[in-house]
Every structure is written in structure tokens, then in C-alpha cells.
């Protein structure tokens, strides 16, 4: 994942269709079976080779692979489970694997020596990260941590490069993804340079609110005020004041840590 940019403004939009497709299908996570050598265990949940194949073929990055090549990737992928708050990748690491999220959520972030943090992206079911390390040699450019217990299918650089050699379409998919992220970076820079804190908060809330309930837009994920502050590059106190004012003005409602947008957010604060 090219972890440049300093907000989540458009990052959440880019893979929603894949997430919806995966949510509509049942993962093939089976009880221990006789052909154990042909299954992947992540510490209690067993994925048959066919199970991983069914999952990966619904990921846009792999949708152009032939049945044979996708089966090869499935055979070599390793499935692992990590608990909440586990660091999967450290900024500066020299690891070079691709991670496909089978369940759970992660955040990609940058931090400094004082522990200050900026969240670059939140990713979930069907998303992937680490693809840039498959193509170049520099160390990882950001850290990735689980926000809840999460499962991953991990694909090595060598196996992925074999797929690239045999499937030029997957290279085109990667180029499109990189192009999208460049556009996202441009938007992020624009936001930091031209929007005040309220403008960044309002745009982030609007882009996070994907679900609709009773005609109201809802942010399904339960973000803390600190997480929202880390997304927009502001203090928790400032974000707290903005959310309080929006609540008092009837623009948003917070229920069970979920934010519900009642009506269009004002242009200024």
C-alpha cells in the first residue's frame, strides 16, 4: 500500500464494491477435515484451498487471474490471525508480502518519537495492503495495526511476481490502484492546505457515512474522537468541540459511538 497522504477523506471510498461482494458471500471456513495437508489453519479456523480460492477471486486485484494462476496463489497463501492492537507492519520494515484482509479491520498510520499519530487509512474485509513492497525494494513507508481481531491471507513477493509475469491484466489493476492513490494524495494535500480543521472533519464525516438507515446517513464504524482527530491531523479537543457543536445544532447524532448525519453539514463552522 502506498501510504502517502494525511487523511481518510477518499480512502474509504475506493474498494466498497469489493467489500459488498465479499459480505454477500459466506467464507468457506470449515471444521478440521481429512485433507489437512490441503488446508490452511490460522489457529482454529481451517480454510481449504478451495475456500481461499473463493475469497481471493472476489478481490478486484485478482479478478483477472486465470483459474490455474489463482489456484496457485491460493496454494501458496498463508492464513494468519492476529489479535486486536497487533502491529502487522512497522514503518521501516523490509518485509515484502501482500496482505489480504479476510476479516477484521486495520489502520495504516505514521507516528513520531513523541507518539503522535496520523491515520492514513482504515481498511477492512476484502481490502489489501503491502502491494507496493511487491514491486520495489525500499522499506515499508507506514505502520499497520489491527483495530480488532483480524485474519489475513499473506502472499509472498515471489509468488505474486509469478502471477504478474503470466497475467499482464493484474499489472494494469495495480497501475489503476496507484493512479487512484495519487489522486487521493492530491486531494489530501489540498485539504490540508486549503481547508480548516472543521472543513477536514466535515469532509471526513461525509465520506465515512456510507450506510443509510431511515433516510439518514450513518458511519457504521465506531471511531473514537482520537481516531477521528488522527485522521484529519487535529487535536482531540478540537474535534470534540466540533462534534459537540454539530450535535447541538442537530446536524449529527451519536448513538452507541456511531455517528448519524441528520442533515447536510454546514459549509463553515
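Quick check, is residue 227 part of a helix (DSSP H, G or I), surrounded by 15 or more Cβ atoms within 10 Å (Cβ to Cβ) and assigned by TED's automatic domain parsing to the domain that holds residue 122?
Numbers: part of a helix (DSSP H, G or I): yes; surrounded by 15 or more Cβ atoms within 10 Å (Cβ to Cβ): yes; assigned by TED's automatic domain parsing to the domain that holds residue 122: no.
Considered against the rule, which asks whether it is part of a helix (DSSP H, G or I), surrounded by 15 or more Cβ atoms within 10 Å (Cβ to Cβ) and assigned by TED's automatic domain parsing to the domain that holds residue 122, residue 227 comes out as no.
So residue 104 clears everything in (1) over 23 Å from residue 156 (Cα atoms); (2) surrounded by 13 or more Cβ atoms within 10 Å (Cβ to Cβ); (3) at pLDDT 80 or above except one condition, right? Which one?
(1)
Return only the number of the condition from (1) in contact with a helix residue (DSSP H, G or I) (Cβ under 7 Å, 6 or more places away or on another chain); (2) buried (at least 16 other Cβ atoms within 10 Å of the Cβ) that residue 217 does not satisfy.
Checking residue 217 against (1) in contact with a helix residue (DSSP H, G or I) (Cβ under 7 Å, 6 or more places away or on another chain); (2) buried (at least 16 other Cβ atoms within 10 Å of the Cβ), the one that fails is (1).
Test residue 203 against the criterion of being under 17 Å from the mean Cα position of the chain (by Cα) and farther than 30 Å from residue 75 by Cβ, and give yes or no. Steps first, please.
Working: under 17 Å from the mean Cα position of the chain (by Cα): no; farther than 30 Å from residue 75 by Cβ: yes.
Answer is no for this residue.
Is it the case that the stretch 31-42 has a residue that's surrounded by 17 or more Cβ atoms within 10 Å (Cβ to Cβ), part of a loop (DSSP other than H, G, I, E, B) and modelled with pLDDT under 75? Steps first, answer last, please.
Of all residues in the stretch 31-42, those surrounded by 17 or more Cβ atoms within 10 Å (Cβ to Cβ) come to 39-40, 42.
This time we only want the ones that are part of a loop (DSSP other than H, G, I, E, B), so: 42.
Remaining after also requiring modelled with pLDDT under 75: 42.
Yes, because at least one residue in the stretch 31-42 is surrounded by 17 or more Cβ atoms within 10 Å (Cβ to Cβ), part of a loop (DSSP other than H, G, I, E, B) and modelled with pLDDT under 75.
Report, ordered by the first and then the second residue, all pairs with beta carbons closer than 6 Å, sequence separation of six or more or different chains, a first member in the stretch 75-95 that is in the same structural domain as residue 150 (by TED's automatic domain parsing), and a second member that is in a loop (DSSP other than H, G, I, E, B) and crowded, with 16+ Cβ neighbours inside 10 Å.
79/42; 80/42; 81/42; 89/140; 91/140; 91/142; 93/140
When you scan the stretch 107-211 for helices (runs of 4 or more DSSP H) that lie fully inside it, which ones turn up with 2 or more residues that are in contact with a helix residue (DSSP H, G or I) (Cβ under 6 Å, 6 or more places away or on another chain) and outside the structural domain of residue 82 (by TED's automatic domain parsing)?
Values: elements: 157-166, 168-194, 197-208.
Qualifying helices (runs of 4 or more DSSP H): 197-208.
The values are calculated or read from the model by the stated rules, or taken from the named source; none is laboratory data. Because the structure is a prediction, the values reported are computed rather than measured. Note that each Cβ is placed from the backbone with ideal geometry, even for glycine, and that neighbours are counted across all protein chains shown.
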